[in-house]
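Student: Here's a structure for you.
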Amino acid sequence: LPFSTKTKSKAFRSHTKKAATTMSSVPGLCCVPCRKEGRARWYAPDRGNDHDLPNLRVHNSITDELDLFRPVTNRSVSWYTCGPTVYDVCHMGHARAYLTFDILRRVMEDYFHYNLLYQVNITDVDDKIILRARQNKLLEEYRKDALEKKDYAAVKDYVTVAVKGMRKKLEGKVADLEEALPEGTPSKQREKRAEALAEAKFKADQFGETEAAVEKAADTIEAIIAASSDALAAQLDKEKGATVTDQKIYQDHARKFELEFFEDMASLGVREPDVVTRVTEYVPQIVDYIEGIIKNGYGYDSNGSVYFDTNAFKDKDYDYRKLKPGVDTSAEEMAEGEGALAGGSTEKKHPNDFALWKASKPGEPSWESPWGPGRPGWHIECSVMASDIIGQNLDIHGGGVDLMFPHHDNEMAQAEAFHECGQWVNYFLHAGHLHIKGLKMSKSLKNFITIRQALKEHSPRQLRLMFLMQPWDKPMNYSDQTVDDAKAKEKYFKNFFGAAKSVLRNDFVSERQGWTLSDRALQETLLKAQDQVHNHLLDNFKTYEAIQTLVELVQDCNKYITAEEKPKNLLVKKVAIYVTKMLRVFGTIENNDEIGFGESGAAGGSKEAVAGPYVDAFVQFREKVRTAAKAKTAPGEFLAHCDEVRDNTLANLGIRVEDSTDTSVWKMDDPAVIRKEIEEKKRNAIEAAAKKIKAKVDRLDTDLQKARISAVLPSEIFKTGSHAGKWSSYDESGKPTATKEGEPLSKSQTKSIAKELKNHEKAHSKIVKSAGEKGIEAYIVDLETQLEKLKLSLA
């Protein structure tokens, strides 16, 4: 049963008084487990009371199968999701997990109509937080001290030590991972090692950029510290980390990034959790919980720390490593689970045992406990907080696939040891990795794009559509192509809604009613699409298939609207409402979580406030038209006013006007999007005009060069330009008779010269005719003036 918030410490303590020796069954679960070969036992929820529940199947990481989803209690679903470790800004890898689970949560709440209790934790004490907060403080102190002393040489020497130290550490990591694994090492462990090696090499190569930046940095203290900040902070922490004793430093650091996390989630349109729990506010309950695990025989203290006894747990017939069974824990996995500040493994009974409570070293936050000053281990926090809010059994636990082991496996082991039950989580959902250029997006690899950076380039709806168009439980790539695909789908839906609204503006009452064959066909298409979308969502939340079905439905409805002279208002409206409903379920349509009745039914609401901007736009346009009519101006001015109201006034009000040969259609959209489209259209028009002018410049330049040649008298053509100095004598018409050496011309030379002279005479006659009375010289000056003006217009 869930523990009361007010009495949780007491509840935990009372539990520790009984130490049982066998697993107890969990109410609401089948007594006989299912067991796929090579997987852990799984106790399916009892199907005795289905209560007309949907036949939803979900990818359950415990079984690695699509299992029929059944909550333990009717339509009430408890869901715990691992929240962020708030040590730095959130990136799109985080968005992959939290946006993905937001989509699944919305489908369960708004489409399948389950009643969810959704809990998220905040990890606000952790090795990463301690290191980052400590390093930031030490780096800032060093920077201030260095600027006061103004000893650049000393700073440069220290930076050199720091950079060399970091290079040695990174290369040492690569060397360790390049060591051959023993024969018989399972393939999964080999894959994990290969992945870790690729990441280590990436980090080592990437550090080359830091080294280059330090070399190129300006000869100032600020510049060289900025270029080497990561290596410098690590070196300072190695030497002085133990001197940082103010716990407020860690708290302030965590709160700053917790606030940013919730701001980022709000920007993405992620629904707020029902309950948020912080680790630092649960330390007394964590201590009680650990005491319970020890008294049940699954934990032991050692040198002020407490460890989970994995062998004792397995000896009691519990399944350990439910999510990644059948392989031994690797050194890399163990290091990941214990954290960057962990000591050696000599104080543990077995290398696979993991920390429930860590004895604090100097420079780390600490709380009092029966084992001395310390802090919670990483995994224990989720077991305690979820047990407190939800209880001894969770319907759903969610998290990123990178947390599967060790974090999630150890969470379940701790909770099952504390509650003495065979199953703490019924369905474990893992969101797939987000990759960029072939590697997992992560802070440690520095290959991440922050959520705020992404939102500068793309809208929240576009990012959500990007995730909707991918399987939620598989890896996906973050690339221009995936975002462009989402943008294309968004534009397709927008155009459809605009076309549908245009149809709905017609007076359907005055039209003929009933259904034609085309109407019946569209209705059948809608029913088929509704059935397909429903089945896609039942089949492991296949939103990518559902989106494609909606696109095909829209395509058929667009064809219907185009083909029918009088498309049925009510039928088009029905299709548009369904598409809108599903996109709202997926969270792509905003403001669906507003409280209250909304504007349409608000008593005493001001129509003037709503209509004012649009009426103002019309009145201003009317005045300009009236003024132009009274002045009897040319038609072009009226068209200019029409363009202005389309491209400026209405665009700023969020109205897109699309002109066609016969009529114009208006659609609502984000003003920023419309303005961007208009600017792009103007930019394209300017580029096209410039291209035309450039072509004209090229033609005119060619004409000018020809004119200058054609202007030469036929009798002088062989004495100038390329012919100058080539001939020694000429006849009376100006044709050469001898080479510059005095040799008579050959027959071929004579023939070629005669042909060239004939062509030049024609060209000269033509320019004389073109120049007319003003003369050739003035004609050429006119061409030069035109060319200069065109070139200036391109500048």
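Student: Can you tell me which residue in segment 560-581 is farthest from Leu504 (Cα to Cα), limited to those that are open to solvent by 80 Å² or more (accessible area, probe 1.4 Å) and not in a helix (DSSP H, G or I)?
Tutor: Glu565
Student: Residues being part of a loop (DSSP other than H, G, I, E, B) and open to solvent by 20 Å² or more (accessible area, probe 1.4 Å): count how many of those fall in segment 226-284. Break it down into steps so the answer makes sense when it comes.
Tutor: Looking only at segment 226-284, we keep the residues that are part of a loop (DSSP other than H, G, I, E, B), and these are 228, 244-246, 269-274, 282.
Right, trim to open to solvent by 20 Å² or more (accessible area, probe 1.4 Å) and you get 245-246, 269-274.
Within segment 226-284, residues that are part of a loop (DSSP other than H, G, I, E, B) and open to solvent by 20 Å² or more (accessible area, probe 1.4 Å) number 8.
Student: Select from segment 522-544 the residues that are exposed (fewer than 14 other Cβ atoms within 10 Å of the Cβ) and of a type in the set (A, V, I, L, M, F, W, C) and list them in ascending order. Quick ask: steps written out before the conclusion?
Tutor: Residues of segment 522-544 exposed (fewer than 14 other Cβ atoms within 10 Å of the Cβ): 524, 527, 531.
Hit for segment 522-544 is Leu527, nothing else.
Student: Just to be sure before I move on: is Asp102 buried (at least 18 other Cβ atoms within 10 Å of the Cβ), within 27 Å of Asp402 (Cβ to Cβ) and of a type outside the set (Val, Ile, Thr) in the structure I sent?
Tutor: Against the criterion (buried (at least 18 other Cβ atoms within 10 Å of the Cβ), within 27 Å of Asp402 (Cβ to Cβ) and of a type outside the set (Val, Ile, Thr)), Asp102 qualifies.
Student: Under the condition of being touching a His at 6+ places or on another chain (Cβ under 6 Å) and closer than 27 Å to Val58 by Cα, which residue from segment 442-482 is surrounded by the most Cβ atoms within 10 Å (Cβ to Cβ)?
Tutor: Step by step, filter segment 442-482, then rank; the result is Asp473.
Student: Turning to a different aspect of this structure: List the residue pairs whose Cβ atoms are under 6 Å apart, where the first residue sits in segment 543-565 and is within 25 Å of Leu99 (Cα to Cα), the second is surrounded by fewer than 20 Cβ atoms within 10 Å (Cβ to Cβ) and modelled with pLDDT of 95 or more, and the two are 6 or more positions apart or on different chains.
Tutor: Once the first residue is within 25 Å of Leu99 (Cα to Cα) and sits in segment 543-565, its partners that are surrounded by fewer than 20 Cβ atoms within 10 Å (Cβ to Cβ) and modelled with pLDDT of 95 or more give Tyr544/Met469; Glu545/His536; Ala546/His536; Ile547/Met469; Thr549/Gln532.
Student: Next question, about the same structure. Please pick out the residue among Lys487, Lys494, Lys437 that is out of contact with any strand residue (DSSP E or B) (no Cβ under 8 Å at 6 or more places or on another chain), of a type outside the set (Phe, Trp, Tyr) and touching a residue at least 24 places away in the same chain (Cβ under 8 Å). Don't jump to the end; show me each part of the working.
Tutor: Values: Lys494 fails: out of contact with any strand residue (DSSP E or B) (no Cβ under 8 Å at 6 or more places or on another chain); Lys437 fails: touching a residue at least 24 places away in the same chain (Cβ under 8 Å).
Matching residue, one of Lys487, Lys494, Lys437: Lys487.
Student: Which of the residues that make up segment 269-314 are touching a Lys or Arg at 6+ places or on another chain (Cβ under 6 Å), more than 30 Å from Phe101 (Cα to Cα) and not aromatic (Phe, Trp, Tyr)? Spell out the reasoning first.
Tutor: Our first condition is that a residue be touching a Lys or Arg at 6+ places or on another chain (Cβ under 6 Å); within segment 269-314, this holds for 285, 288, 305, 307.
Checking the rest, the ones that are also more than 30 Å from Phe101 (Cα to Cα) come to 288, 305, 307.
Result: Asp288, Ser305.
Student: Any idea which of Asn652, Asn648 is polar (S, T, N, Q), closer than 24 Å to Ile589 by Cβ and open to solvent by 40 Å² or more (accessible area, probe 1.4 Å)?
Tutor: Values: Asn648 fails: closer than 24 Å to Ile589 by Cβ.
So the residue among Asn652, Asn648 that is polar (S, T, N, Q), closer than 24 Å to Ile589 by Cβ and open to solvent by 40 Å² or more (accessible area, probe 1.4 Å) is Asn652.
Student: Further question: For Ile655, state whether it is modelled with pLDDT of 85 or more, under 30 Å from Leu468 (Cα atoms) and touching a Leu at 6+ places or on another chain (Cβ under 7 Å).
Tutor: no
Student: Among the candidates Ser510, Ser502, which residue alone is over 30 Å from Leu455 (Cα atoms), surrounded by 12 or more Cβ atoms within 10 Å (Cβ to Cβ) and of a type outside the set (Asp, Glu)? Break it down stepwise before answering.
Tutor: Working: Ser510 fails: surrounded by 12 or more Cβ atoms within 10 Å (Cβ to Cβ).
Within the list Ser510, Ser502, the selection yields Ser502.
Student: Just one of the numbered conditions (1) assigned to a helix (DSSP H, G or I); (2) out of contact with any Ser or Thr (no Cβ under 6 Å at 6 or more places or on another chain) is not true of Tyr118; which one?
Tutor: Condition (1) is where Tyr118 drops out.
Student: In contact with a Lys or Arg (Cβ under 6 Å, 6 or more places away or on another chain) and buried (at least 19 other Cβ atoms within 10 Å of the Cβ): which single residue out of His433, His407, His419 fits that description? Spell out how you get there, then give the answer.
Tutor: Working: His407 fails: in contact with a Lys or Arg (Cβ under 6 Å, 6 or more places away or on another chain); His419 fails: in contact with a Lys or Arg (Cβ under 6 Å, 6 or more places away or on another chain).
Every option except His433 fails the conditions.
Residue-by-condition table, conditions (1) among the aromatic types (Phe, Trp, Tyr); (2) modelled with pLDDT under 95; (3) on the phi > 0 side of the Ramachandran plot:
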position	(1), (2), (3)
Ala196	no, yes, no
Gly241	no, no, no
Asp274	no, no, no
Ile293	no, no, no
Gly297	no, no, yes
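Student: Please work out which one of (1) over 28 Å from Leu29 (Cβ atoms); (2) more than 13 Å from the chain's Cα centre (by Cα) is the condition His407 fails and give its number.
Tutor: (1)
Residues are listed down the side, and each one gets a yes or a no for (1) open to solvent by 40 Å² or more (accessible area, probe 1.4 Å); (2) within 30 Å of Asp52 (Cβ to Cβ); (3) of a type outside the set (Gly, Ala, Ser):
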site	(1), (2), (3)
Gln119	no, yes, yes
Glu141	yes, no, yes
Asp145	yes, no, yes
Lys150	yes, no, yes
Ala162	no, no, no
Leu197	no, no, yes
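Student: Here is a further query. Quick one: which residue in Ile776, Ile753 is within 17 Å of Thr720 (Cα to Cα), in a helix (DSSP H, G or I) and β-branched (Val, Ile, Thr)?
Tutor: On the way: Ile776 fails: within 17 Å of Thr720 (Cα to Cα).
From the options Ile776, Ile753, the qualifying one is Ile753.
Student: Continuing with this model, one more query. Does Ala212 satisfy the criteria of being part of a loop (DSSP other than H, G, I, E, B), open to solvent by 20 Å² or more (accessible area, probe 1.4 Å) and out of contact with any Lys or Arg (no Cβ under 9 Å at 6 or more places or on another chain)?
Tutor: On the way: part of a loop (DSSP other than H, G, I, E, B): no; open to solvent by 20 Å² or more (accessible area, probe 1.4 Å): yes; out of contact with any Lys or Arg (no Cβ under 9 Å at 6 or more places or on another chain): yes.
Against the criterion (part of a loop (DSSP other than H, G, I, E, B), open to solvent by 20 Å² or more (accessible area, probe 1.4 Å) and out of contact with any Lys or Arg (no Cβ under 9 Å at 6 or more places or on another chain)), Ala212 does not qualify.
Student: Same structure, new question: Restricting attention to segment 696-737, which residues are open to solvent by 70 Å² or more (accessible area, probe 1.4 Å) and touching a residue at least 24 places away in the same chain (Cβ under 8 Å)?
Tutor: Lys696, Asp703, Lys706, Arg708, Ile709, Leu713
Student: Take Tyr114 and decide whether it is open to solvent by 40 Å² or more (accessible area, probe 1.4 Å) and at pLDDT 95 or above.
Tutor: No: the conditions fail for Tyr114.
Student: Going by the conditions given, is Gly372 part of a loop (DSSP other than H, G, I, E, B), more than 29 Å from the chain's Cα centre (by Cα), closer than 17 Å to Trp79 by Cα and modelled with pLDDT of 95 or more? Break it down stepwise before answering.
Tutor: Working: part of a loop (DSSP other than H, G, I, E, B): yes; more than 29 Å from the chain's Cα centre (by Cα): yes; closer than 17 Å to Trp79 by Cα: no; modelled with pLDDT of 95 or more: yes.
No; evaluated as a whole, the condition is false for this residue.
Student: Out of (1) modelled with pLDDT of 85 or more; (2) open to solvent by 60 Å² or more (accessible area, probe 1.4 Å), what's the single condition that is false for Glu590?
Tutor: (1)
Student: List the number of the failed condition for Ile449; all other conditions in (1) modelled with pLDDT under 95; (2) farther than 19 Å from Leu268 by Cβ hold.
Tutor: Unmet condition: (2).
Student: Contact list please: Cβ distance under 9 Å, first residue in segment 775-795 and under 13 Å from Lys694 (Cβ atoms), second residue among the aromatic types (Phe, Trp, Tyr) and open to solvent by 70 Å² or more (accessible area, probe 1.4 Å), pairs at least six apart or on different chains.
Tutor: Filtered contacts from segment 775-795: no entries.
Student: Name the one entry in Lys156, Lys169 that is of a type in the set (Lys, Arg), surrounded by fewer than 20 Cβ atoms within 10 Å (Cβ to Cβ) and more than 34 Å from the chain's Cα centre (by Cα). Step through it out loud before you land on a result.
Tutor: Working: Lys169 fails: more than 34 Å from the chain's Cα centre (by Cα).
It is Lys156.
The values are calculated or read from the model by the stated rules, or taken from the named source; none is laboratory data. Note that this is a predicted model, so its numbers are computed, not measured. Neighbour counts run over all protein chains shown; Cβ positions are idealised from the backbone, glycine included. Remember, those area values only see protein heavy atoms, side chains included, never the ligands or the DNA or RNA. Shrake-Rupley method; radii C 1.70, N 1.55, O 1.52, S 1.80 Å.
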